[in-house]
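A.B. asks: The following block contains the structure, expressed as structure tokens.
The values are calculated or read from the model by the stated rules, or taken from the named source; none is laboratory data. A quick note: this is a predicted structure, and the numbers were derived from the prediction, not measured. All Cβ positions, even for glycine, are placed from backbone atoms using ideal geometry, and neighbour counts span all protein chains on display. Just the protein is used for accessible areas: all its heavy atoms, side chains included, with ligands, DNA and RNA removed. Shrake-Rupley method; radii C 1.70, N 1.55, O 1.52, S 1.80 Å.
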Amino acid sequence: MTTQSLYKSFIIEEYQLQEEPYYVPIADEVELFEAAYKSRLPLIFKGPTGCGKTRFVEYMSYKLGIELTKVKKSDSDDSGVNLPLVTIACHEDLTGSDLVGRYLLEGDQTVWLDGPLTRAVKAGGICYLDEVVEARKDTTVLIHPLTDHRRILPIEKRGELLEAAEGFLLVLSYNPGYQSALKDLKHSTRQRFVSIEFDYPPIELETQIVAHEAGVDEDVAYQLAKLGEKVRNLKEHGLGEGASTRLLIYAGKLISEGITPRRACQVSVNWAITDDESLQQSITEIISSIFE
Amino acid sequence: MTDQSEHLKEFVVELQKFPGPVLDNFNRAISEMPNALSEEQILDWLRRGIDIAGQTVRSWEAAAHFFQVSPSVISSMPYSYFVRWMECGTSLCGESPTLAAAYFEASPSTMSKLRSRHIESWAGLGDGLYKGTWKSSTLACRFFAETPTLLDTLSFQQLEKFANFLDALSHRSYDLSSECLTLGQQIFPLVGDNKDAFLSLATTLVETGWREVKSFFEAGAKALPKIHPEERMRFLNLAESLVNSGGTNIPGTMLDISESLSLLEEDHHHIVLGFAETLLHEEPLAMPEFIKSAPIVLEKLTILQLGRWYQEGVNTLSQNRDGGLAFFKIESSHSEAVMETLSSGIEFDRIKPVMEMYCRALAGAEIKLSPTDALVEKNIGWVSNESPTTEGSTVFVPTVVDRYATKEENYAWFKVVSTHQVAHLEFGSFIFEFERESQLFDNLRLDLEKRRIEALEEAQDNLSTESDPGVPTDPGNELLEGQAGLERAWLTDMQRFFDLFEDRKLALDIFTVVEDGRLDARVKNEYPGIKSSYVQVQSDSHENRPDIKELPAREAMVEFMVRLSLQQYEGVIAPSKYNKEAAQVAQIARRVLDVSASVEDTAEATLRIYAVIAAIPNEEIPPDDWNDMDFDDEDDEDYVDPEDMENLLQQIGMGMEMELRPEGEEEYESIQEVEYRGDFKPELAQLMTELRMQQQDEMGQTQGEPLTQEQLQELLENSAELDLQATEGEIQESSGMFADNIMKEAGANMPQSPDDAQGPFVHVDEDGGELEPAEPETFVYDEWDFRAEDYKPRWCIVRQKTMQEGDPTYFGATLNEYGTLVTRIRRQFEMMVPEMFRKERKLIDGEDIDIDDVIENMVDIKTGSSPDEKFYWRRNKVQRDVAVAFLLDTSASTAEAIDEGKGKQDDWDAPDDPVEYMVWLRTRRGEQMRRSYKRIIDMEKESMVLLINALEAIGDTYGIYGFSGYGRENVEFYTVKDLQETFSDRVKRRIDRIAPLHATRMGPAIRHAVYKLENTDARTKILFLISDGRPQDRGYSREGVEKEYAVHDTKMALDEAKRQGINSFCLTVDKNGHDYLKTMCSDMGYEILDDINDLPERLLVLYRRLTM
């Protein structure tokens, strides 16, 4: 097939990371995750946007995959890791059937198609529901039976109960920053998870991360990290969210491509985080103080 | 005996017929008459006297005066004029003897100032004023009497003019004329060379507005001295032109103008008046406004820029007269904008939001930014209006920066200043801990402290052995206290540190320089972007330093350090004699430039530098004894304290460093502070911080011994940071005052319980300028001036208050009253809810397929008919996401009874005077108290109750606010239920307290409601205005006459809301509302209720319709 060479596509439960993602642990999150995974305790990641939640889950899936491979599949072929990572970005129109699956018409009959959650449950991978509060309430109830001792997924439309495969683990992420009262997790949902809190890394680590990811030298990375730190001080003063590590990395990448630091920060940090003019000016002042 | 002497005797006999004084005066006079007179002349004189005396019954008095003054009159003029004088007198006497008497009486002193040839004209002037009436006679007499004084300053021609003026004025009012005569003598000396202009202006004024003449005179006397002498003429001409072009209240205007001019530099009078003259041709009324605004404008602009601002104003004027007037009054945004564009200065107000955020970001703390005068006003020890500073939580910066020619440079300066102040917080100047170790130096602080205590104890022991222990002597007492001071718990670590030094001032100065140097180095390292501006500011500051060679040695050493810190250690001179010490100091100071240096390092460095400098006598250094200090980049990694350091410290430890100094040396005086670094008061700042913490602790009921006022006062007296250069008693007093204020200040930051009481009204004149929201919970808004087609910037203050709480049963009672309606409404509203979740079927695309529809589709296919492809369903996506703010008019007019059926009377006749208005209001409210009928406000309240009941059923976000107010500085905005607030018993209680208050200034209230809605997240936002009449308020109009002003401002406020995506709806019960509502809500919905009783039901119907 000629199309295959044009783009790479994966079947959702077969997506595995081939290379170790870059991740710098900030606290004990790696140990926590490993411990939780051993007991198959579902996890919830709380933290502002762009602080590395997704990267962390990728990192863990790779890391745990390696371990699984070592223990169980040492004699098998070169498939490498085998802890699939199913990422589902939640949006406000995401419904239960989007997750579980639905009937489709094919010819004269209906055909059942598994949703991503069902596939993850079957395949026994990590199912990562990103920004879960955005999803509709019915979806969050749907995951309840998966998260306690039952570890089952009821598929009511087919009248089935699906038992989760051995390796399955549910991980949610949510950002408490912009939660409105409406978009909060129900207690019955929250109390089924082990929570790991994320925050932006301290300046030294962030320097290291930015330097690695963006390919800029330590000095620039330090300055970017400092910018991040200063801008985050403005949270609660009109800024909904501080400048994320991701934004700082973007800025760093622009810089390493030859954009002047001030300009790079302006477009990737300042204008990305606020539309408020006076706040933009304040941040411009910070940028112009930090960068020459 | 000659004939003449016989004649004489005959005449004398004749004289005897008159009352005694005539003859007496004659006898006295004749002896004084000059001998040169011939007997004939004497006879002639005598005869004229008799003529005068004989004219009427009362004319003997005139004659008596005639004789009395004659000798002195004749002495000042030749006989021929004397004859004329007598003739004039005689003819005046013919008119009125009193007049003649006054004429004679005033003559002697007048004649010395009056050219003899003017005698007749002078007499004529008096005569002219006399119109045969009693009042005119008084005036004329007074004119004569005042002449001598007037002639001191006026020429005769001017006197004539003045007399003409008096004459003209006397046609209107004799009293006024006479008063002006009196004022004249005070004023003319002040008028200087411009009397002609002044007089002609006065004369013109008689024709156009004679009533103002007197105040014109008074104003003139006050106004003229304020103006540059050469420009007074032009000023008067201006005033005259203003009169001619129909200006009113000329005296007031003159006073205002001159007041403004006096605020300007005298050199500028010429230019400003020049503009004013041209402006007069454009628009006479704008001229005074221009001059009045000039001082404000010139604070921000140079005189050249003023010209451009003026030109812009003229342009505006030519397009729109009212706009131009507002421009020159600086009551338009355009005017401000032009000023801002032209000005090179940076104004605190404009950049505050940006810089405050900047500072917060840098410090990572709740920093506030304030102008320095705010700190000075608090009176807690900071005194300079200019110096930037910080007290630990607020950064104080100057209100205006206009040091450089361009805005950019000024801005850069401002930024450097702010950055430096924030650096104190960011890099921890105030987190000094006495016992925390320094990383760069050996720690000597504790050691030194121990030595000092030992030394003190020793001294005390010596004393107690010497003196009777039972009766402590004064010095012993002092030391005891000193020791007690060292042993007690220190209030702050900073204080503990400074207690180590005998000369706290010197120690503080050194500490300041070293610490500032550390911060500067740190900032430049951490913020490379600001480095260039920083270096620029530093080198500018360096240029402004005082001449180091004039300073005595010790001060010179400190100055030397300042320069080092500003100049990056290059080319700084020091006294040759102390080169070694200077090098030592430089070496120590330089170590703290390290990035890792902390405030404790600064302290250790201070200690060492103090030791070095304190050992230098504060003596004059001859100008030749200076040389450049060279600092090669010596490696000071291996810095060790020099050997003599131990010695020096020993001395400090003994408290002896002062004793060793030579007799008669100069006292160390603090050196001039570096401007951009400002006023550094570490002790006070740390104290403030601790006090605040302490206050918070108290709130939280934790332990901690509160600081007493006395301790604080004592601390302040010891501190070198306060400038308490006064006698002993006054120090006590002022430190007490500081202590008081500091306590207050520290407490002032505690959260305050909301004060629901109505504050007293502060009366601000409508003509006044912009307002500043000084208190919490106050907001300032612009107001639209439709004539000027521009906003009046920061014109109204909205005071947000929470409605007081009343009886909660009101709510339930009202619901009961409307029993059936309540159920009906509630059902209607509840029916709105399921609509939101209804499944929509038969869609081309959707969440999922509807199996029934699919089967039907299949059937269609099998049977061969065309299938319906719409077999998807979706939940109705139209989510109800509504936020609505109800604005209730709670003006006094809502107290109108509704049952009486009479048309609502317009409140337009409300008195304009604040006091009268309050009285008027009180009477009206008093009337309402005795009511047994329903008022409009009651209907509003009931509507709210029903509304809340309904809205709670559908879960919309809603806020209920009442507004009223009095004057633009008191727009009251009462929160009954805030948008984010959940419904509770408190809200129920608040509804009960909604009551008619004052006037209706809708614009600002709408703007504030819009502001609240903006901060609410909802898809549909609605502003619901419920009123009972047109917007009106004191001064909510132009010159108090145009009702349209208020209507237009309201319209503009509603338009603004629309631009923010907020739908407005106006519901009014004013039956005459159509006329203005058409304008006010031109493209918005509005409805006029015919029957106020329909309000509750109608409101809900409208609400449903609006939000569906």
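A.B. asks: For the stretch A:266-277, what are the residues that are buried (at least 16 other Cβ atoms within 10 Å of the Cβ) and assigned to a helix (DSSP H, G or I)?
C.D. replies: Within the stretch A:266-277, the subset buried (at least 16 other Cβ atoms within 10 Å of the Cβ) is A:266, A:268-270, A:272-274.
Result: A:Gln266, A:Ser268, A:Val269, A:Asn270, A:Ala272, A:Ile273.
A.B. asks: Oh, and also: Tell me, which residue of the stretch A:102-130 that is within 14 Å of another protein chain (Cβ to nearest Cβ) and either polar (S, T, N, Q) or buried (at least 20 other Cβ atoms within 10 Å of the Cβ) (or both) is nearest to B:Thr863 (Cα to Cα)?
C.D. replies: First, the residues of the stretch A:102-130 that are within 14 Å of another protein chain (Cβ to nearest Cβ): A:102-113, A:115.
Checking the rest, the ones that are also either polar (S, T, N, Q) or buried (at least 20 other Cβ atoms within 10 Å of the Cβ) (or both) come to A:109-110, A:115.
Working: A:Gln109: 16, A:Thr110: 19, A:Gly115: 33 Å.
Checking each candidate, the answer is A:Gln109.
A.B. asks: Follow-up question, since we're still on this one. Would it be correct to say that A:Gln281 is open to solvent by 70 Å² or more (accessible area, probe 1.4 Å), closer than 25 Å to B:Glu366 by Cβ, among the polar types (S, T, N, Q) and modelled with pLDDT under 90?
C.D. replies: Numbers: open to solvent by 70 Å² or more (accessible area, probe 1.4 Å): yes; closer than 25 Å to B:Glu366 by Cβ: yes; among the polar types (S, T, N, Q): yes; modelled with pLDDT under 90: yes.
The answer is yes for A:Gln281.
A.B. asks: Another one. Failed condition for A:Asp217, given (1) under 20 Å from A:Ser282 (Cβ atoms); (2) free of Cβ contacts under 8 Å to residues at least 40 places away in the same chain, with all others met?
C.D. replies: Going through the list (1) under 20 Å from A:Ser282 (Cβ atoms); (2) free of Cβ contacts under 8 Å to residues at least 40 places away in the same chain, A:Asp217 breaks only (1).
A.B. asks: OK, next. Restricting attention to the stretch B:328-337, does a residue exist that is within 23 Å of B:Gly274 (Cβ to Cβ) and in a helix (DSSP H, G or I)?
C.D. replies: So far as the stretch B:328-337 goes, yes, one or more of its residues are within 23 Å of B:Gly274 (Cβ to Cβ) and in a helix (DSSP H, G or I).
A.B. asks: Across the stretch A:143-154, what is the total count of residues that are surrounded by fewer than 21 Cβ atoms within 10 Å (Cβ to Cβ) and without any contact (Cβ under 8 Å) to a residue 60 or more places away in the chain?
C.D. replies: 7
A.B. asks: Give the number of residues within the stretch A:266-292 that are of a type in the set (Phe, Trp, Tyr) and within 12 Å of another protein chain (Cβ to nearest Cβ). First the steps, then the outcome.
C.D. replies: Residues of the stretch A:266-292 that are of a type in the set (Phe, Trp, Tyr), as a first pass: A:271, A:291.
Okay, now just the ones that are also within 12 Å of another protein chain (Cβ to nearest Cβ), so A:291.
So the count comes out to 1.
A.B. asks: Can you find even one residue in the stretch A:242-258 that is within 13 Å of chain B (Cβ to nearest Cβ) and surrounded by fewer than 21 Cβ atoms within 10 Å (Cβ to Cβ)?
C.D. replies: First pass over the stretch A:242-258, keeping only residues within 13 Å of chain B (Cβ to nearest Cβ): A:242-243.
Keeping just the survivors that are surrounded by fewer than 21 Cβ atoms within 10 Å (Cβ to Cβ) gives none.
No, the stretch A:242-258 contains no residue that is within 13 Å of chain B (Cβ to nearest Cβ) and surrounded by fewer than 21 Cβ atoms within 10 Å (Cβ to Cβ).
A.B. asks: Another question, if that's okay. Would you please list the contacts, defined by Cβ atoms under 7 Å and residues six or more apart or on different chains, that run from a residue in the stretch B:432-443 that is farther than 19 Å from B:Thr492 by Cα to a residue that is assigned to a loop (DSSP other than H, G, I, E, B) and of a type in the set (Ser, Thr, Tyr)?
C.D. replies: The qualifying pairs are B:Gln439/B:Ser596; B:Gln439/B:Ser598.
Residue-wise test of (1) aromatic (Phe, Trp, Tyr); (2) modelled with pLDDT under 75; (3) in contact with a Gly (Cβ under 9 Å, 6 or more places away or on another chain).
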{"position": "B:Gln752", "(1), (2), (3)": "no, yes, no"}
{"position": "B:Asp755", "(1), (2), (3)": "no, yes, no"}
{"position": "B:Val762", "(1), (2), (3)": "no, yes, yes"}
{"position": "B:Glu772", "(1), (2), (3)": "no, yes, no"}
{"position": "B:Glu775", "(1), (2), (3)": "no, yes, yes"}
{"position": "B:Glu783", "(1), (2), (3)": "no, no, yes"}
{"position": "B:Lys792", "(1), (2), (3)": "no, no, no"}
{"position": "B:Gly812", "(1), (2), (3)": "no, no, no"}
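A.B. asks: Next question, about the same structure. Hey, can you tell me all the residues within the stretch B:497-540 that are over 17 Å from B:Ala685 (Cα atoms), part of a helix (DSSP H, G or I) and open to solvent by 20 Å² or more (accessible area, probe 1.4 Å)?
C.D. replies: Residues satisfying the conditions are B:Ala521, B:Arg522, B:Lys524, B:Asn525, B:Lys531, B:Ser532, B:Ser533, B:Val535, B:Gln536, B:Ser539, B:Asp540.
A.B. asks: Name the residues in the stretch B:848-861 that are modelled with pLDDT under 85, open to solvent by 30 Å² or more (accessible area, probe 1.4 Å) and either within 12 Å of chain A (Cβ to nearest Cβ) or in a loop (DSSP other than H, G, I, E, B) (or both), would you?
C.D. replies: Selection gives B:Ile851, B:Ile855, B:Met858, B:Val859.
A.B. asks: Only one of (1) closer than 21 Å to A:Pro48 by Cβ; (2) more than 10 Å from every other protein chain (Cβ to nearest Cβ); (3) not in a loop (DSSP other than H, G, I, E, B) is not met by A:Arg263, so which one is it?
C.D. replies: With (1) closer than 21 Å to A:Pro48 by Cβ; (2) more than 10 Å from every other protein chain (Cβ to nearest Cβ); (3) not in a loop (DSSP other than H, G, I, E, B) applied to A:Arg263, the lone miss is (1).
A.B. asks: Mind telling me which of the residues B:Arg360, B:Arg350 ends up being modelled with pLDDT of 80 or more, part of a helix (DSSP H, G or I) and among the basic types (Lys, Arg)?
C.D. replies: Working: B:Arg350 fails: modelled with pLDDT of 80 or more.
B:Arg360 is the lone residue from the list that is modelled with pLDDT of 80 or more, part of a helix (DSSP H, G or I) and among the basic types (Lys, Arg).
A.B. asks: Moving to a separate point now. Restricting to helices (runs of 4 or more DSSP H) lying wholly in the stretch B:45-145: which have 2 or more residues that are touching a Gly at 6+ places or on another chain (Cβ under 9 Å) and either without any contact (Cβ under 8 Å) to a residue 40 or more places away in the chain or farther than 27 Å from B:Ser170 by Cα (or both)? Full working, then the answer.
C.D. replies: Values: elements: B:59-74, B:79-95, B:97-111, B:119-129.
Where helices (runs of 4 or more DSSP H) fall fully within the stretch B:45-145 and carry at least 2 residues being touching a Gly at 6+ places or on another chain (Cβ under 9 Å) and either without any contact (Cβ under 8 Å) to a residue 40 or more places away in the chain or farther than 27 Å from B:Ser170 by Cα (or both), they are B:59-74, B:79-95.
A.B. asks: Pick out, from the stretch B:218-298, the helices (runs of 4 or more DSSP H) lying fully within it that include 3 or more residues that are within 21 Å of the chain's Cα centre (by Cα) and free of Cβ contacts under 8 Å to residues at least 60 places away in the same chain. Give the derivation first.
C.D. replies: Values: elements: B:232-244, B:250-263, B:266-282.
Counting at least 3 such residues, we get B:250-263.
A.B. asks: Could you say whether any residue in the stretch B:27-39 is open to solvent by 50 Å² or more (accessible area, probe 1.4 Å) and either within 60 Å of the chain's Cα centre (by Cα) or acidic (Asp, Glu) (or both)?
C.D. replies: Scanning the stretch B:27-39 turns up at least one residue that is open to solvent by 50 Å² or more (accessible area, probe 1.4 Å) and either within 60 Å of the chain's Cα centre (by Cα) or acidic (Asp, Glu) (or both).
A.B. asks: Taking the options B:Met357, B:Met287, name whichever one is open to solvent by less than 50 Å² (accessible area, probe 1.4 Å) and touching a His at 6+ places or on another chain (Cβ under 7 Å).
C.D. replies: Working: B:Met287 fails: touching a His at 6+ places or on another chain (Cβ under 7 Å).
The unique qualifying residue is B:Met357.
A.B. asks: Hey, another quick one. I need the full set of residues from the stretch A:221-232 which are open to solvent by less than 30 Å² (accessible area, probe 1.4 Å) and either away from chain B (no Cβ under 11 Å) or within 14 Å of A:Glu292 (Cβ to Cβ) (or both), in order please. Step through it out loud before you land on a result.
C.D. replies: From the stretch A:221-232, those open to solvent by less than 30 Å² (accessible area, probe 1.4 Å) are A:221, A:224-228, A:230-231; that's our starting set.
Hits for the stretch A:221-232 are A:Ala221, A:Leu224, A:Ala225, A:Lys226, A:Leu227.
A.B. asks: Return the pair list, or none, for Cβ contacts closer than 8 Å from residues in the stretch B:27-43 that are touching a residue at least 24 places away in the same chain (Cβ under 8 Å) and acidic (Asp, Glu) to residues that are open to solvent by 50 Å² or more (accessible area, probe 1.4 Å) and not in a helix (DSSP H, G or I), at least 6 apart or on different chains.
C.D. replies: Final answer for the pair search is B:Glu39/B:Thr2.
A.B. asks: Looking at A:Ile44, A:Ile26 in this structure, which one is within 26 Å of A:Lys122 (Cα to Cα) and in contact (Cβ under 8 Å) with a residue 40 or more places away in the chain?
C.D. replies: Working: A:Ile26 fails: within 26 Å of A:Lys122 (Cα to Cα).
Answer to the selection: A:Ile44.
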